[in-house]
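Report on the structure given below.
The values are calculated or read from the model by the stated rules, or taken from the named source; none is laboratory data. These figures come from a predicted structure and were not determined experimentally. Here the Cβ is made from the backbone with ideal geometry for all residues, glycine too, and neighbour counts use every protein chain on show.
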Amino acid sequence: MLRSLFRPLTDRRAERMLGATAVSVVLVIVAMIVFIAIEAWPSFQHNGLSWFGSGKDVDAELGAMVNAGADPSGDAYQLRAWPLLYATALTTVLAVGLGVFIAVLASIFIVELAPPRVRSIVVPVVRLLAAVPSVVYGLIGILVLVPFVNDHLINEGQRESVSYVITLNGPGLLVSVVLLTLMITPIMISIVVDALTAVPRGWREGALALGVTRWRAVMSVSVRAIRPAIVAAAVLASARALGEAIMLSMVSGSKGFSPQPWDGLIFLFEPLRPLAATIAEQSEGIAAPALKSSIYAMALVLLVSSLFLSIGGSLIKRRLRLGTAR
Amino acid sequence: MAEFPPPVRRISSEQAPNVVDPATRQEIPEPIARALAPSYGPERLRIDEVSIHYAGSARPAVNRVTLPVRQGEVLALIGPSGCGKTTLLRSLNRLVELTPGATRDGRILLDGDDIDQLEITRLRRRVSMIFQQPNPFPMSIFDNVAYAIREQAMRRPGKAVLQPRVEKALRRAGLWDEVADDLGRPALRLSGGQQQRLCIARALAVEPDVLLMDEPCSALDPISTGVVEELIHELRQNLAIVIVTHNLAQARRVGDHVAFMYLGDLVEYAPTEELFTNPRADRTRDYVQGAFG
Ligand SMILES: Nc1ncnc2c1ncn2[C@@H]1O[C@H](COP(=O)(O)OP(=O)(O)OP(=O)(O)O)[C@@H](O)[C@H]1O
Ligand SMILES: [Mg+2]
């Protein structure tokens, strides 16, 4: 029986096996979504579209859900999740945007400019960084970045000016985005470096032979050619950023608050808390039905957004590849 | 017959451009020559005692080579593998500088100016290169041809400016009729021969003075090769062309002058028919008769 598994498969049997595997993977995903959706339903049912809106204090609402006990009234389900959604989008977009920028420039440096010896050291180090557990970044944040921001960047005037809503004491948007960027950039660098290395030499030489500067040759031909890989890297990084819970719960300030860009510099120091961190923190209170349903609702939103992210990513990649396709 | 190594014929830069009938190789008297629109134009490029060393190899890859390149003629470089043809060709637009450790001695003059004094981007626009493997960029046909024009422009030129120039370049490369219906098609979907002609169009779009071709037909089938050779014939009216080829029949078909190189030395430089029918050096005779290489 076992031995038959290792016998060479005929093509048709192999095809069937692969097909069955693919189908069961899809089935598991669908089942998961359905299960989460069912659990999430009461939360959406009681709030309607205003689930996604703002207006109330999310943290107070979540607290009320725990207090409502085992048999909550309809009111207990009330949730205006906007600050959490906004915090998720804000940290992800900023970190991924910054990360793509850094990753592309760093990769160009590594592939085009760095001497081979530097390259042979930097590339493995970057790959190693990509494997560092996020909790470690969180720890660095708490031990190093948060005190630094608190002691050197925030002044008393800024603390005073917002003290009636929030306390500025280090953790917040800046530290979150910096650490998130630090966390997702290595994997992007390593993807982009691989792609850049694989760009045929003939393309770059062809551009140089047309009288284009080295910098322009890289930007207009090599980087252009690897746009699908850049998109792939950004999608992967976004998925990691969206799902990052522990590290962000450590350094974000963990407050259901929406930092406002028009607050000026203070914006950077304002606390927030994305969806994933909220789920991780609130999961102890899951015995309360209202809270349980709310948490599942957040999970569903996260799941659907990462689904859309990867679908959107592959659509963009397909459009970009058209130019390259053989 | 001749001793080896034979004395390299040195061509003095002061010498007036030859006016020779390409068919008979007879010198044409001045007045008639002008009327006939001579196929040998003025000297555009002069390779003067050029040597090229690669780091880590004892002997130079190119050893004190002197050659003229004239407008209106095709100069074919032939020789066994590894004799330095590609190296010499790549030095003409300073592409050889991309190789770490490569150094060049001697001078190369473009219309009398030392190419080391020219800005490198300007030089490469005037002395363009076609590679052995067709290397169209992964963009549309239009974008490929417009590439160098766009890169050279200060402000992004509009489609109205680009369109006629792209069309002209594609026509000169003999590709227009095949691609005119859909210029937005990805260039990499073209056939190998079409891709190579697209690369030629891309180079022609910035109107170079000299076209360097490194075995441009070696990746192509016989029909595409014929088309490209036809094209080379026509282009040489307005351009000086240097072509490297392993295909002696091709050198004979497209070359007006042929230079035979061996282990970095220029062994013989002569009008094509002369070099093939009556070579002066034994090495050359052995090579063109297929004895080695
Ligand atoms: N990047 C390089 N580094 C070191 N040596 C090189 C390099 N490129 C070429 N050479 C050496 O220089 C010599 C000439 O090489 P080149 O490529 O110019 O020959 P070629 O005549 O074009 O040969 P082929 O007909 O095979 O293309 C060879 O001996 C080769 O080994
Ligand atoms: Mg070669």
* Structure fact -> Scanning the range B:255-282 residue by residue, those surrounded by 23 or more Cβ atoms within 10 Å (Cβ to Cβ) and over 20 Å from the mean Cα position of the chain (by Cα) turn out to be B:279
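State all residues of the range B:187-219 that are on the phi < 0 side of the Ramachandran plot and within 16 Å of ligand 1 (Cβ to nearest atom); if no residue qualifies, say none.
Passing the criteria: B:212, B:213, B:214, B:216, B:217, B:218, B:219.
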* Can you pull out the residues in the range A:189-202 that are surrounded by 19 or more Cβ atoms within 10 Å (Cβ to Cβ) and either in a loop (DSSP other than H, G, I, E, B) or facing another protein chain (nearest Cβ under 7 Å) (or both)? -> A:199
* What pairs come up if the first residue lies in the range A:203-216 and is facing chain B (nearest Cβ under 7 Å), the second is part of a loop (DSSP other than H, G, I, E, B) and modelled with pLDDT under 90, and their beta carbons are under 8 Å apart, counting only those six or more places apart or on different chains? -> A:210/B:206; A:211/B:206
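Are any residues in the range A:238-258 under 14 Å from residue A:170 (Cβ atoms) and not in a helix (DSSP H, G or I), and if so, which ones?
Restricting attention to the range A:238-258, the residues satisfying the condition of being under 14 Å from residue A:170 (Cβ atoms) are A:250-255.
The answer is A:252, A:253, A:254, A:255.
For every residue, the table says whether it meets (1) out of contact with any strand residue (DSSP E or B) (no Cβ under 8 Å at 6 or more places or on another chain); (2) more than 14 Å from chain A (Cβ to nearest Cβ); (3) outside any loop (DSSP other than H, G, I, E, B); (4) within 22 Å of residue B:196 (Cα to Cα).
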| position | (1), (2), (3), (4) |
| --- | --- |
| B:83 | no, yes, no, no |
| B:86 | no, no, yes, yes |
| B:96 | no, no, yes, yes |
| B:124 | yes, no, yes, yes |
| B:136 | yes, no, no, yes |
| B:149 | yes, no, yes, yes |
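Within the bounds of the range A:242-260, is there any residue that is away from chain B (no Cβ under 14 Å), under 30 Å from residue B:144 (Cβ atoms) and buried (at least 21 other Cβ atoms within 10 Å of the Cβ)? Break it down into steps so the answer makes sense when it comes.
First, pick out the residues of the range A:242-260 that are away from chain B (no Cβ under 14 Å): A:242-260.
With the extra rule that they be under 30 Å from residue B:144 (Cβ atoms), the set shrinks to none.
No, because not a single residue in the range A:242-260 is away from chain B (no Cβ under 14 Å), under 30 Å from residue B:144 (Cβ atoms) and buried (at least 21 other Cβ atoms within 10 Å of the Cβ).
For the range A:269-285, which positions are more than 27 Å from residue A:174 (Cα to Cα) and either within 14 Å of chain B (Cβ to nearest Cβ) or surrounded by 15 or more Cβ atoms within 10 Å (Cβ to Cβ) (or both)? Step through it out loud before you land on a result.
Of all residues in the range A:269-285, those more than 27 Å from residue A:174 (Cα to Cα) come to A:284-285.
The answer is A:285, and nothing else.
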* Asked: touching a helix residue (DSSP H, G or I) at 6+ places or on another chain (Cβ under 7 Å) and modelled with pLDDT under 95 - does that describe any residue in the range A:12-33?
  -> yes
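Those residues that are of a type in the set (A, V, I, L, M, F, W, C) and farther than 24 Å from residue B:264 by Cβ, I need them from the range B:91-143; list them, please.
Initially, the range B:91-143 is screened for residues of a type in the set (A, V, I, L, M, F, W, C), giving B:92, B:95-96, B:98, B:102, B:108-110, B:115, B:118, B:120, B:123, B:127, B:129-131, B:137, B:139, B:141-142.
Correct list: B:118, B:120, B:137, B:139, B:141, B:142.
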* Asked: Would a scan of the range B:61-68 turn up a residue that is within 14 Å of another protein chain (Cβ to nearest Cβ) and within 12 Å of ligand 1 (Cβ to nearest atom)?
  -> no
* Could you check, for the range B:31-43, whether at least one of its residues is crowded, with 17+ Cβ neighbours inside 10 Å, at pLDDT below 90, more than 15 Å from ligand 1 (Cβ to nearest atom) and in a strand (DSSP E or B)? => yes
* Top-ranked residue of the range B:158-179 - restricted to ones that are over 26 Å from residue B:110 (Cβ atoms) and part of a loop (DSSP other than H, G, I, E, B), ranked as farthest from the other protein chains (Cβ to nearest Cβ) -> B:174
* **Matching residues in the range B:172-203 - criterion: being of a type in the set (A, V, I, L, M, F, W, C), touching a helix residue (DSSP H, G or I) at 6+ places or on another chain (Cβ under 7 Å) and free of Cβ contacts under 8 Å to residues at least 40 places away in the same chain** => B:175, B:176, B:179
* Structure fact -> Flagged in the range B:174-215 as among the small types (Gly, Ala, Ser) and surrounded by 24 or more Cβ atoms within 10 Å (Cβ to Cβ), in numbering order, are B:187, B:201, B:203, B:205
* **Sole residue being within 16 Å of ligand 2 (Cβ to nearest atom) and out of contact with any Pro (no Cβ under 7 Å at 6 or more places or on another chain), chosen from B:224, B:218** => B:218
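Within the range A:287-295, is there a residue that is under 21 Å from residue A:31 (Cα atoms), within 18 Å of the chain's Cα centre (by Cα) and buried (at least 20 other Cβ atoms within 10 Å of the Cβ)? Lay out the reasoning, then the answer.
Let us first name the residues in the range A:287-295 that are under 21 Å from residue A:31 (Cα atoms), namely A:292-295.
Okay, now just the ones that are also within 18 Å of the chain's Cα centre (by Cα), so none.
Looking for residues that are under 21 Å from residue A:31 (Cα atoms), within 18 Å of the chain's Cα centre (by Cα) and buried (at least 20 other Cβ atoms within 10 Å of the Cβ), one finds none in the range A:287-295, hence no.
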* Asked: Which one of the conditions (1) under 24 Å from residue B:87 (Cα atoms); (2) charged (D, E, K, R); (3) more than 13 Å from the chain's Cα centre (by Cα); (4) surrounded by 19 or more Cβ atoms within 10 Å (Cβ to Cβ) does residue B:252 fail to meet, given that it meets all the rest?
  -> (4)
* From the set of residues in the range B:69-106 that are closer than 18 Å to residue B:266 by Cα, small (Gly, Ala, Ser) and within 15 Å of ligand 1 (Cβ to nearest atom), which is surrounded by the fewest Cβ atoms within 10 Å (Cβ to Cβ)? -> B:81
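If you scan the range B:111-122, which residues turn out to be within 13 Å of another protein chain (Cβ to nearest Cβ) and outside any helix (DSSP H, G or I)?
Answer for the range B:111-122, where residues must be within 13 Å of another protein chain (Cβ to nearest Cβ) and outside any helix (DSSP H, G or I): B:115, B:118, B:119.
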* Structure fact -> When every residue in the range B:237-293 that is within 16 Å of ligand 2 (Cβ to nearest atom) and small (Gly, Ala, Ser) is compared, the one modelled with the lowest pLDDT is B:293
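So which of B:143, B:114 is away from ligand 1 (no atom under 16 Å from the Cβ), over 20 Å from residue B:238 (Cα atoms) and surrounded by fewer than 20 Cβ atoms within 10 Å (Cβ to Cβ)? Let's see the steps before the verdict.
On the way: B:143 fails: surrounded by fewer than 20 Cβ atoms within 10 Å (Cβ to Cβ).
Just a single option satisfies the conditions, and that option is B:114.
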* Structure fact -> (1) within 15 Å of ligand 2 (Cβ to nearest atom); (2) touching a residue at least 40 places away in the same chain (Cβ under 8 Å); (3) closer than 18 Å to residue B:213 by Cα all hold for residue B:54 apart from (3)
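Of the residues A:293, A:305, A:220, which single one is assigned to a helix (DSSP H, G or I) and either free of Cβ contacts under 8 Å to residues at least 40 places away in the same chain or among the aliphatic types (A, V, I, L, M) (or both)? Walk me through it before giving the result.
Details: A:293 fails: either free of Cβ contacts under 8 Å to residues at least 40 places away in the same chain or among the aliphatic types (A, V, I, L, M) (or both); A:305 fails: either free of Cβ contacts under 8 Å to residues at least 40 places away in the same chain or among the aliphatic types (A, V, I, L, M) (or both).
The unique qualifying residue is A:220.
Could you name every one of the helices (runs of 4 or more DSSP H) located completely within the range A:37-135 that has at least 1 residues being in contact with a Gly (Cβ under 6 Å, 6 or more places away or on another chain)?
Numbers: elements: A:58-67, A:82-108, A:116-130.
In the range A:37-135, A:58-67, A:82-108 are the helices (runs of 4 or more DSSP H) which contain 1 or more residues that are in contact with a Gly (Cβ under 6 Å, 6 or more places away or on another chain).
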* Within the range B:182-213, work out how many residues are at the interface with another protein chain (Cβ under 10 Å from one of its Cβ atoms) and within 16 Å of ligand 2 (Cβ to nearest atom). => 1
